[in-house]
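Notes follow once the structure below has been shown.
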């Protein structure tokens, strides 16, 4: 589940980016999807989460949302915050269910 404080992050594009030695290596295209209205992201394969978390390289979840947008100054019409969170740092709340609260993470502000 992805949330911004108490608000579910719905309709957010979720990508899984692989880094090797802190450098971009690849995007896992098979896992690219959108969160539902409750902020849930569903893996299509049961073992996908375990596979991503056990990777030797760092896998980061990349999400673009308006979470914490009111805390930064921006000079464009359609700003958003871009979050990249290492998947191994996201806590489990139940078996095979992670809870990602974007308010806990750093971000970059960008414009469309």
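The values are calculated or read from the model by the stated rules, or taken from the named source; none is laboratory data. What you are looking at is a predicted structure, and each value in this text was computed from that prediction instead of being measured. Here the Cβ positions follow ideal geometry from the backbone for every residue, glycine too, while neighbour counts run over all protein chains shown.
Data overview
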read-out: Answer residue from the range 1-21, given it is assigned to a loop (DSSP other than H, G, I, E, B) and out of contact with any strand residue (DSSP E or B) (no Cβ under 8 Å at 6 or more places or on another chain) and is surrounded by the most Cβ atoms within 10 Å (Cβ to Cβ) among those; value: 10
read-out: Qualifying residue in the range 23-32 (condition: more than 15 Å from the chain's Cα centre (by Cα), in contact (Cβ under 8 Å) with a residue 24 or more places away in the chain, more than 20 Å from residue 95 (Cα to Cα) and surrounded by fewer than 16 Cβ atoms within 10 Å (Cβ to Cβ)); value: yes
read-out: Candidates 85, 93, filtered to the one that is within 25 Å of residue 40 (Cβ to Cβ) and within 11 Å of the chain's Cα centre (by Cα); value: 85
read-out: Enumeration of residues in the range 59-107 that are part of a strand (DSSP E or B), at pLDDT below 95, exposed (fewer than 14 other Cβ atoms within 10 Å of the Cβ) and in contact with a strand residue (DSSP E or B) (Cβ under 7 Å, 6 or more places away or on another chain); value: 92
read-out: Leading residue by the ranking (surrounded by the fewest Cβ atoms within 10 Å (Cβ to Cβ)) among those in the range 43-58 that are in a loop (DSSP other than H, G, I, E, B) and at pLDDT 90 or above; value: 56
read-out: Residues that are closer than 21 Å to residue 100 by Cβ and more than 12 Å from the chain's Cα centre (by Cα), drawn from the range 12-21; value: 18, 19
